[in-house]
Amino acid sequence: MAWWQRQFGGTTRGRIVALLRRGERSVEELAAALGLTDNAVRAQLAVLEREGIVLAAGIRRDGSVGKPATLYGVAREASPLFSSAYAPVLASLLVELGERLPPDELEAVLRSAGRRLAPALPLPASFDERARAGAAVLTQLGAEADLVRVGEGYEIRGHGCVLSSAVSACPATCQAVEALLRGVTGARVVEHCDRAGVPDCRFGITSNEHE
């Protein structure tokens, strides 16, 4: 069962999402399909819009007098949330790459992928700010990440791993996250994740001045 089905179940919000996944609809069309008032549907749509799941996708003009009908649809950015295929497909792909490529080439590919993920933004001026930015990136990706001062540097300690399925299938996946954090912090980042059981992220960060 997909996450949105578990979260919404048979609720009005879940039924709206299910209808919109089949195609764009107006408030009036949703209300007729669900047996609700227009205002009740608008209230649910407002919540789904705030959560970034649906959006106003356009308008429909039918040639009649009156205000055109606003059409709602599932937000493009939300589409991956409805799929449970990403993790197993990524894990299978990494296993396949690991069997076809030498370890150093596999790590090079993963580091390159990590660099592509790093946002092209100006780096904060101070090392402390850059380290905090690195921890914030992992948090935005879904990790429970703490930034801990260690000597002259920092350590990002993630409780759990946002790529746990992929890391379990191919431990070198951590190299992609290491490269991502290097791009975000502009600092020296060394991965030493705990993969003894369920993976936990561990990334040491030191200023290039202290290398």
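Residue by residue, region 143-152 carries 3J(HN,Hα) couplings of 7, 9, 10, 10, 9, 10, 6, 9, x, 8 Hz when phi is fed to the Karplus relation 6.51 cos²θ - 1.76 cosθ + 1.60 (θ = phi - 60°); x denotes Gly or Pro.
The residues neighbouring residue 38, those whose beta-carbon lies less than 11 Å from its own, together hold a net charge of -1 under the Lys/Arg +1, Asp/Glu -1 convention.
Sequentially through region 16-25, phi angles give Karplus couplings (6.51, -1.76, 1.60; θ = phi - 60°) of 5, 4, 4, 5, 6, 5, 8, x, 5, 9 Hz, Gly and Pro residues having no value and appearing as x. Counting only C-alpha contacts under 8 Å and six or more residues apart, can you give the relative contact order of region 3-82 as a whole percent? That works out to 34 percent. Quick check on the chain: helices-only [θ] at 222 nm, where DSSP H runs of length 4 and up contribute -39,500 (n - 2.57) each and the sum goes over total residues. Nearest 500, please. It lands at -14000 deg cm²/dmol.
Sorted from fewest to most neighbouring beta carbons within 10 Å, what does the list 82, 203, 127 look like?
Values: 82 14, 203 27, 127 21.
In order of increasing Cβ crowding within 10 Å: 82, 127, 203.
Taking amide hydrogens as placed 1.01 Å from N in the peptide plane, the amide H of residue 146 sits under 5 Å from those of 157, 158, 159, each at least 5 positions away in sequence or on another chain. Computed packing ranks the peptides 154-160, 104-110, 86-92, 179-185 as 179-185, 154-160, 104-110, 86-92, most packed first, by mean other Cβ atoms within 10 Å. Residue by residue, region 103-120 carries 3J(HN,Hα) couplings of x, 5, 6, 4, 5, 5, 5, 5, 5, 4, 5, x, 5, 5, 6, 5, x, 7 Hz when phi is fed to the Karplus relation 6.51 cos²θ - 1.76 cosθ + 1.60 (θ = phi - 60°); x denotes Gly or Pro. Proximity of backbone amide H atoms, modeled 1.01 Å from N, is registered between residue 193 and 202 at under 5 Å, excluding neighbours fewer than 5 places apart on the same chain. The slack in the chain from residue 99 to residue 79, taken as 0.36 nm per residue of separation less the alpha-carbon distance, amounts to 4.1 nm.
Express the relative contact order of the chain as a whole percentage, based on alpha carbon pairs under 8 Å and six or more residues apart in sequence.
Relative contact order comes out at 17 percent.
Between 169, 31, 145, the GNM of the chain built on Cα springs shorter than 10 angstrom shows 31 fluctuating the most. Proximity of backbone amide H atoms, modeled 1.01 Å from N, is registered between residue 26 and 72 at under 5 Å, excluding neighbours fewer than 5 places apart on the same chain. For the pair residue 92 and residue 67, how long in nm is the line joining their label points, each one 7 Å along Cα→Cβ? Label at residue 92, label at residue 67, 4.8 nm between them.
In plain terms, the chain from residue 149 to residue 196 could stretch by 14.5 nm, reckoned as 0.36 nm per residue minus the Cα-Cα distance. Relative contact order of region 86-210: 30 percent, from C-alpha pairs under 8 Å at least 6 residues apart in sequence. Put a dot 7 Å past the Cα of residue 60, heading toward its Cβ, do the same for residue 113, and the two dots end up 4.1 nm apart.
When log10 I(q)/I(0) by the Debye sum over Cα atoms at q = 0.16, 0.19 Å⁻¹ is calculated directly from the model, which label among (i) -1.02, -1.22; (ii) -1.23, -1.50; (iii) -1.09, -1.46 fits? Among (i) -1.02, -1.22; (ii) -1.23, -1.50; (iii) -1.09, -1.46, the one derived from this structure is (i).
Read the figures in this text as sums done on the coordinates, not as results from a lab. All values derive from a computational prediction rather than experimental measurement. FYI the Cβ positions are ideal-geometry reconstructions off the backbone, even for glycines, and counts take in every protein chain you see.
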